[in-house]
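Note sheet for the following structure.
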Amino acid sequence: MTEGRQGPLAGVRVLELAGLAPGPFAGMMLADHGAEVLRVDRVGAVSDRPRTDVMDRGKRTIGLDLKSPDGVAAFKDLARAADVVIEVFRPGVAERLGIGPDDLHAVNERLIYGRMTGWGQDGPLAPTAGHDIDYIAISGVLSMLGREGDKPTPPINILGDFAGGGLMLAYGVLLALFERERTGQGKVIDAAMVDGAAILFAMFYQGVRGGFWGPRGTNLLDTGAPMYDTYETADGQYLAVGALEPQFWDTMVRLMGLTGLPDRDDRAQWPALRERLAAEFRTRTRAEWEAVFDGSDACVSPVLSMAEAPDHPHNVARGAFVESGGLSQPAPAPRLVGAPAPDLSPATRLADLSAWGINAEAAAKLRAQGVLA
């Protein structure tokens, strides 16, 4: 096991069945705060070389053949010593393998079984394939993303896979751990990305039905308003403008030296106001505008590339990015003030499984059979 784990989740053991995006992200969020996460991969996918994927940081890994009876029996042995299982298969697959919730609760009634899918464990779409773009489409979220008059634009796979998926699953694990303290019983978590994406947009469902949120790209926070948008600078870079409140707007306009602007409170004037701002922002480089707004309440920020972000003075001062395994990566969040620094080392193969209930002799037999990597 990973020795010396520290943090609020120290002592919590997690079996993470290998998968894409949301499952590993949930495991990373738990490992970042001290959980001991063991990633269970296919036999052929495991080697002695550290895994460099940022979402595997702080974990250990093994390869196990879950299509063999001995592999399933070994997984149940691991589950006896675990607090949490993260499962990422389509509904019914884990049950067919013999490692579904009922199978594992029979050997460990305190086990928390977290299920991560796109559509959920039931409903007409549950057995079908899908991706982030499909889940946010069905939830209504995708319809709200994009500029006026243009087609809906998916924001990479942040809302379904990561925010609505992996993060919600990690949250569900914490809820179940908290409840287990009272009941002594484990729970099954049905974490569906379509549900998670929907709850992230709770405020906007209310807005649409209440009549104060209009078609996509026409509202205050979705690039409809000129005071909440991005603007190109003279060097082909961009600034993010978030001068919503009057006092912030006044500061921005004053620092830009603009006068005679169209009325920002008159929506009919928004196109003309946007044109004036766009023309002015194109007169200087991004760096020059950064100097103009530095330290002010104008709510204007440079749009940094992912290569630039780790070197921004604010991010440097807060340690928002860290180096681990030769890679620059976001530091764990949220921060618990006073908590010890987390283990962010790349995942390596776990050779000694004795602490997880599989002794050296049993492990050697499984390796000889090709069941354990």
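Rule-based calculations on the coordinates, nothing more; no lab input. Note that the structure is a prediction, hence the values are computed from the model and not measured. A quick note on method: Cβ atoms are made from the backbone with ideal geometry, for glycine too, and the neighbour counts reach across all protein chains shown.
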In segment 57-118, which GluC sites (Glu not before Pro) fall in coil by DSSP and have 16 or fewer other Cβ atoms within 10 Å?
Glu109
log10 I(q)/I(0), Debye, Cα-only segment 202-318, no solvent, q = 0.13, 0.18, 0.22, 0.24 Å⁻¹?
-0.57, -0.98, -1.27, -1.40
Candidate aspartates and glutamates - alpha carbon under 12 Å from Lys187, same-chain residues fewer than 8 apart omitted
Asp83, Asp102, Glu109, Glu179
Per-bin percent of Cα-Cα distances, the chain [20 Å]
24, 47, 24, 4, 0
Residue span Lys365 to Thr283: 0.36 nm per residue of separation minus Cα-Cα distance leaves a gain in nm of 22.4 nm
Once each part is reduced to its C-alpha centroid, what is the distance from segment 130-189 to segment 89-124 in angstrom?
18 Å
Selected from Gly260, Gly295, Gly27 as most flexible by GNM, with the chain as the system and alpha-carbon contacts under 10 Å
Gly260
Under the helix-only model (-39500 (n - 2.57) for each DSSP H run of 4 or more, divided by the residues of the chain), the mean residue ellipticity at 222 nm, to 500 deg cm²/dmol, is -9000 deg cm²/dmol
What residue among Gly23, Gly100, Gly44 has the largest mean-square fluctuation in a Gaussian network model of the chain, using Cα springs under 10 Å?
Gly44
Using only the Cα atoms, what convex hull volume per residue in Å³ does segment 1-127 have?
111 Å³
State the dimensionless ratio Rg/Rh of segment 257-372 (Rg: radius of gyration of Cα atoms; Rh: Kirkwood radius).
1.31
Can you give me the Cα centroid spacing of segment 29-49 and segment 304-333 in angstrom?
23 Å
Rounded to the nearest 5, the percent of DSSP beta bridges in the chain running antiparallel is 40 percent
Length added when fully stretched, Ser68-Arg318, from 0.36 nm per residue minus Cα-Cα:
85.2 nm
Only helices at least 20 Å long along their axis, Cα-based, and averaging 0.5 or more on Kyte-Doolittle count here, so list those DSSP H runs from the chain.
167-183
Lysines near Lys365 by alpha-carbon distance under 20 Å, same-chain residues fewer than 8 away left out - which ones?
Lys67, Lys76
